[in-house]
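Okay, structure first, notes after.
The values are calculated or read from the model by the stated rules, or taken from the named source; none is laboratory data. The model shown is predicted, which means the values in this text are computed figures rather than measured ones. Glycine gets a Cβ as well: all are built from the backbone with ideal geometry, and neighbour counts include every protein chain shown.
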Amino acid sequence: MAGGKVKLVIFGAYNAGKSTFIQSLDPNARHVEAHTTNGDTTVALDYGRAHVHALDVHLFGTPGQERFEFVRQIISRGMDAAVLMVDCSAELDEFTLHLYETFILQKIPVAVMLNKCDLPGACPATARAAFRNAQIFEICAHEPARTMPALTAFVETLAPDL
């Protein structure tokens, strides 16, 4: 976190809400996507910025498909912390659990953002149990009123002197 800057990389499975999260924090965020039969998907990265107290927080979103591991490795270089987006309206998948375990093993500070908790069938309690030792925030990625307080709370744990 040199020079009042924080590099946060947002990880998660396909359709977890990574791009939406970044766009809710920065309406001018950049997004590189492809159009597929299942909808639009990030193929390179998302980039946005937010300000938390005196810190300039750079937000980098990664693609959610497993085949883009090389992109995640490139984007994550030099990151200060990770955000793991979890879609609580879908079953918890091995890919998401693997990402979380990797952060823990590498001692990377991580916040788990439980997204889509407001949707029918959502089960945030299941996700809370899976990530019981993590900093967990329940959000709606498209609502800045929920995403910004979660981001602020997490960043404050990274730089407690704010």
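Scan region 95-132 for residues that are touching a Gly at 6+ places or on another chain (Cβ under 7 Å) and either at pLDDT below 90 or in a strand (DSSP E or B) (or both) and the total you get is 1. Per the listing F131, F60, F137, the residue uniquely in contact with a Phe, Trp or Tyr (Cβ under 8 Å, 6 or more places away or on another chain) and over 24 Å from Q23 (Cα atoms) is F131.
Among the criteria (1) in a loop (DSSP other than H, G, I, E, B); (2) more than 14 Å from G12 (Cα to Cα), the one I74 does not fulfil is (1). Residues in region 80-94 that are crowded, with 16+ Cβ neighbours inside 10 Å and either assigned to a helix (DSSP H, G or I) or of a type in the set (A, V, I, L, M, F, W, C) (or both): A81, A82, V83, L84, M85, V86, C88, A90, L92. Counting only residues that are crowded, with 17+ Cβ neighbours inside 10 Å, of a type in the set (G, A, S) and either under 11 Å from N115 (Cα atoms) or at pLDDT below 90 (or both), how many does region 135-162 have? Qualifying residue count, region 135-162: 1. For the criterion of being of a type outside the set (A, V, I, L, M), at pLDDT 95 or above, surrounded by 19 or more Cβ atoms within 10 Å (Cβ to Cβ) and in contact with an Asp or Glu (Cβ under 9 Å, 6 or more places away or on another chain), S19 fails.
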